[in-house]
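This report concerns only the one structure given below.
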Amino acid sequence: METNDNIRTNKAHKTLGSFSSEIFVKCPHCNAKAKVFIKLGKYTIPYPFDTKSIFRCDNCYKPIDEKLWYGPIIIAAVNKRCGYCGTALSYEEKVDKYKDKIEVKCNGCKQEKRYDVSYSLTYPNSYQATDPNFGLPLWLQYPINGKIFWAYNYEHLDHLRKYVSAKLREEQFVSKYSITQILPNFVKLAKNREKILKTIDRLQKVDFKPEQ
Ligand SMILES: [Zn+2]
Ligand SMILES: [Zn+2]
C-alpha cells in the first residue's frame, strides 16, 4: 500500500463540496454521460461570486433549462396542523412532478383533507444519487445492499477508494470537515470494503453505464 493511502495526510482531507466543481450526470435527452460544472463569475476578488451551474452534453449537445430542477422534490402540507382537530401533521412525500395540493390523513382524527403544499429540493444521500445543481441522475452510481454508492466525478471516486482501502480509520485524526465524516455509514463499515472496492472498479470502467 502506498503511503498516500494514509487518510491522515492533509491532501486527503477534503469536503464533498471540493469535488462538486465538475459532476458527471446522465443526459436527460440521450442518456449519455454529460457534465455539470461551475462557471465562475467575472469578478473573483476577493472571493468568487456570481457562480453559475452549467450543463453540457458532448454527445447530443442539447441544452437543458438551467433554471429548472429535474430531480425529485419533497412536498408536505403547508398547514402544520390538521384542519379538523389540530394534531400536528408530519406527512411528506417524494415526487417527481410538482403538484399544488396534497391529501393528508391525520394521525389524530383519521380524517383526510387536501392541503396546499410547501416543497423542498432533495440532495444526494444513501438512497438517492442526484446532482445538487439540477437534480439530474449522477453517472457514477451503483446499488450496494439496497443503498446507493455514488461519486460526483473520478477524482471523488479515487478519494473514496483511498479511504475505503486505507486501514487507518481512527476518527480522532480526521479533521472536522473531512469528507469521512459525511460519508454514509455503509461506506465506512469494514465488512462492506470488498463490495465497495469492486463497485469502484466497475464505475471506473470506460463502458460503465448507470442502471437508473
Ligand atoms: Zn445528450
Ligand atoms: Zn385531525
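Every read-out reported here was derived from the displayed coordinates using simple, explicitly stated rules and does not represent laboratory data. What you are looking at is a predicted structure, and each value in this text was computed from that prediction instead of being measured. Ideal geometry is used to build each Cβ from the backbone, glycine not excepted, and the neighbour counts take in all protein chains shown.
A few comments on the model shown:
- Within region 73-121, DSSP assigns beta bridges of which about 100% are antiparallel (rounded to the nearest 5).
- q = 0.29 Å⁻¹, region 122-166: log10 I(q)/I(0) [Debye, one scatterer per Cα]: -1.08
- Inter-label distance, Asn145 to Ser90: 2.6 nm, where each label sits 7 Å from its Cα along the C-beta direction.
- FRET efficiency, 1/(1 + (r/R0)^6) with R0 30 Å, evaluated for Leu183 and Lys99 via beta carbons: 0.30
- Cα pair distances exceeding 14 angstrom across region 73-121, given as percent: 41
- Added length on full extension, which subtracts the Cα-Cα distance from 0.36 nm per residue, Arg114 to Glu66: 14.1 nm
- Greater than 24 Å apart at Cα, pairs in Lys39/Lys195; Lys52/Lys209; Lys80/Lys110; Lys35/Lys62; Lys80/Lys113; Lys80/Lys147: Lys39/Lys195; Lys52/Lys209; Lys80/Lys147
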